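Reading through the structure tokens given below for one structure.
Each value in this text was obtained by applying a stated rule to the coordinates, not by laboratory testing. As the structure is a computational prediction, the values presented were derived from the model and not from experiment. Positions of Cβ are backbone-derived with ideal geometry, glycine not excepted, and every protein chain shown enters the neighbour counts.
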Amino acid sequence: MSNPVEPFVMFRNVDKSYDGKTNVVDGLDLDIAKGEFLTLLGPSGSGKTTTLMMLAGFEAPSAGTIQFDGKPITDVPTYKRDFGMVFQNYALFPHMSVAENLAFPLRMRKVAKPDITAKVKKTLDIVQLGHLADRKPGQLSGGQAQRVALARSIVFDPKMVLMDEPLGALDKQLREHMQLEIKRLHHELDITMLYVTHDQTEALTMSDRIAVFNDGKIQQIGTPSQMYGSPQNKFVAGFMGENNALNGRISSTGEDGLVSVHLTDFDADMKAVSKEPLQIGDTVKLMVRPERVRLVEKADAGGPAGAFACKVTDTIYYGDHVRLVFGADLNNALTTRVPHDSGSRDWAKGDAVLVSWEPRAAIVFQP
Amino acid sequence: MNGKSKMSWLLVAPLLILVCVGFIIPIGYTLIKAIKNPEITAALPRTTSALENWEWDGKSPPPEAVYEALIADIEQGDRGRNYGSMTRRLNFEQSGSRSIMMKARRIADKIEAPYAVSLPEAVPEFGDGDIWQLIKQNSNPYTARYLLRAMDLTVTLDGSIERVASDQAIFVDLFKRTFVISIWVTVLCVFLGYPTAFWMSTLSDRAAGYVMLLVLIPFWTSILVRTTAWFILLQREGPINAALLGTGLVDEPLRMIFTRFAVYIAMVHVLLPFFILPIYSVMKRLGMEYVKAAASLGAPPWRQFVTVYLPLSMPGVAAGAVIVFMLSVGFYITPALVGGLQDQMVSYYIAFYANQTINLGMASSLAVLLLLFTAATIAIAKKLLPETGSGIRA
């Protein structure tokens, strides 16, 4: 092993299959460092939840090993693993009050009564729910139930916290608020967290690292800026944030990893980064983020090098910004964002503009 | 009342009418039958009103006017059904009264006034006050005597309540037996049905469908057929005994039919689906989510069950147990067919009084007490069951 420090959690070559034919998780290698906030991100059925459930002990891997703190845990039952867990539907015990729910893991660990009371109170204060201790879960709002579930997962000082789409049931505002709250808890408690979500914004804002799953495999793992800024394949580029995917053909390959792409729908040649070995004539998808697309009015003489002329086919009002759509075919259209306060003019349908982007802002992938 | 609510009343009207005609009226009628007492006054209107001012002192007979009233009632009454019912009614209170009253009717047109002398000469029982007191005591249009008798109590001539002779005291034991059998049947159903329902709730929908079919097929079969099947299976010459003898496990056939054992086995078989169905639906809804949560919080398997799964599935247990208990206290056919005389339940005697002796008062009284005791048992059970709070969220 080249790694001097053994990772906290280590998946090695883990397979999981329910029917013996298809692997839901396929040859998974994954390391989680101590104190890290790692998010497993992917569409439903990508294997991210199964990975979490295997770490929690609810599912056994079909092949491979999972180590925790240097020891294999595949044969350790869930109740001995000492991981806090937040479930999608919270799974608060409906027959117990909020305080009893929090006391439950402490009772199971035979903590002394007065210590339980103190610890429950302290933890409820951390999530600012001290006043709801005697409520039953059925009497809580979604956000409150979420906090109680969170509090219950940390009250017994677990070795790590696993969260399975914990914010899925909340509305957007509450979700954003809870994202900050969980992030705060992570810092305050200095605890390792494994978080599963299908929401890429959530993943970007909360994580130290993100692992993008698809088809049971990790497509790419890295920091949010690595994931957003330099996706390694088309799936990650499309899944992380918004992206334009334009049809093109390689017209020339150059040194320093840049290629020239002829954009079929716009009849223009643009430069882009290539991460795959591509030949001249290969059909590709050119991915460029809407916010990296630059616009210049066509009246301005010249314009930046490599710009191509285009007409606005549609404008969509978003409140904080306006999106401009170019190209006749909506499925292969190019969109760009224009903020309101840029001092620039208001664009309208039919306006002629010059479109360009930094060569390093665009990436080509095989379709 | 607006059009919409008129419409909804119209829609529920058939059900309301059915409930009234098929349920409330017959049950109300039965309840009233338990305390109605029309027979004596219907047959002997003059005698009962003449007796109103007479006080029984333990020995002396009533005055001549009462005797005249009795003769008038016999001669001017319809001499038919009313008189017969009256004699049966008196005989229920005091055996032997029927023949005394019959004799009085036979000699009524042969004797002359003063009847206070001639009637006791022909029928000596009319010489003292006892038979008259019996008539007077039972001339009230309503009576508690049937209900008292259903609790093995009776009213003496001086009006005090005491226990009936031990050879006639059968009803207290009968009620005890009915409840003991019902409680055991319920307990057996809980212990057999709970694990079965749990197992079913963990199966895939497809597999659970097949198992459910196994539960439901007996459920769809008539109780009579199922009980008869047990009757055949448990016989001395039946297949079970044949198998036991064949394998050499026993030397002579076991006595299984007409025993309490047969009653339990047949009743549990009949009632088990009633327990499994409600508890299965609760468990299906409950799922394994809370058990998983408990496991993640450090609860070993038995504590996951005791602290989380059991309390959350309790509403289903309670619902199933109440249904099984209520059905089993009213069981008739099964104990009647496979049980012995000592295994008969209250319903057997209700049927006996209703069909054999046509004593509707007694049949109704047993029914009323059964209803009251059952309601009380369920009320107590509800109090004792742990509060499950808001239960499972849908």
17 Å tail of the calculated P(r), the range A:242-365, as % of Cα pairs | 55 percent
Taking a ≥ b ≥ c as the square roots of the eigenvalues of the Cα gyration tensor, with a/c under 1.5 meaning rounded and otherwise prolate when a/b exceeds b/c and oblate if not, the range B:171-384 is oblate
Average beta carbon contacts from partner chains per residue of A:147-154, 10 Å cutoff | 1
What nm value, rounded to one decimal, do you get for the distance between B:Ala169 and B:Lys383 when each label is placed 7 Å out toward the C-beta?
-> 2.7 nm
Give me the angle, in degrees from 0 to 90, between the Cα long axis of helix A:142-154 and the longest principal axis of the Cα atoms of chain A, rounded to the nearest 10.
-> 60 degrees
Charge tally in the Cβ shell below 11 Å around B:Arg177, where Lys, Arg are +1 and Asp, Glu are -1, B:Arg177 excluded | 0
Over the protein assembly as shown: helical MRE at 222 nm, DSSP H runs n ≥ 4 each giving -39500 (n - 2.57), nearest 500 | -14000 deg cm²/dmol
Could you run the Debye sum over the Cα atoms of the range B:39-140, one equal point scatterer each and no solvent, and tell me log10 of I(q)/I(0) at q = 0.24 Å⁻¹, two decimals?
-> -1.56
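Where Lys and Arg each count +1 and Asp and Glu each count -1, what net charge lies around A:Asp199 among other residues with Cβ under 15 Å from its Cβ?
So the surrounding residues net to -2.
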For the range A:193-261, what's the relative contact order in percent, using C-alpha pairs closer than 8 Å and at least 6 residues apart?
-> 18 percent
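Once the other residues with Cβ under 15 Å from the Cβ of B:Asn91 are scored (Lys, Arg +1; Asp, Glu -1), what is the net sum?
Taking every Cβ under 15 Å from that of B:Asn91, the sum is +3.
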Points 7 angstrom from Cα along the Cβ direction at B:Phe305 and B:Ile183: gap in nanometres?
-> 2.5 nm
Give the distance, in whole Å, between the Cα centre of the range B:48-114 and the Cα centre of the range A:112-129.
-> 85 Å
Going by how many other beta carbons lie within 10 Å of each one, how would you line up A:Cys310, B:Cys189, B:Cys20, fewest first?
-> B:Cys20, A:Cys310, B:Cys189
Expressed as a fraction of 2.2 N^0.38 Å, the rule-of-thumb size for a compact globular protein of N residues, what is the C-alpha radius of gyration of the protein assembly as shown?
-> 1.58
Would you work out the relative contact order for chain A, in percent, from Cα pairs under 8 angstrom that are 6 or more residues apart?
-> 15 percent
Put in order of increasing Cβ neighbours within 10 Å, starting from the fewest, B:Tyr349, A:Tyr195 give B:Tyr349, A:Tyr195
Taking B:Val338, B:Val123, A:Val9, B:Val164 and counting other beta carbon atoms within 10 angstrom, the fewest-first order is B:Val164, B:Val123, A:Val9, B:Val338
For the charge dipole of the protein assembly as shown, defined by +1 on Lys and Arg C-beta atoms and -1 on Asp and Glu C-beta atoms about the Cα centroid, which residue among A:Ala307, B:Pro45, B:Thr221 has the Cα displaced farthest towards the positive pole?
-> B:Pro45
What pairs from A:Lys21/A:Lys48; B:Lys33/B:Lys59; B:Lys33/B:Lys136; B:Lys292/B:Lys383; A:Lys159/B:Lys292; A:Lys34/A:Lys172 go past 22 Å between their alpha carbons?
-> B:Lys33/B:Lys59; B:Lys292/B:Lys383; A:Lys34/A:Lys172
Chain B: relative contact order in percent, alpha carbon pairs under 8 Å with at least 6 residues between | 18 percent
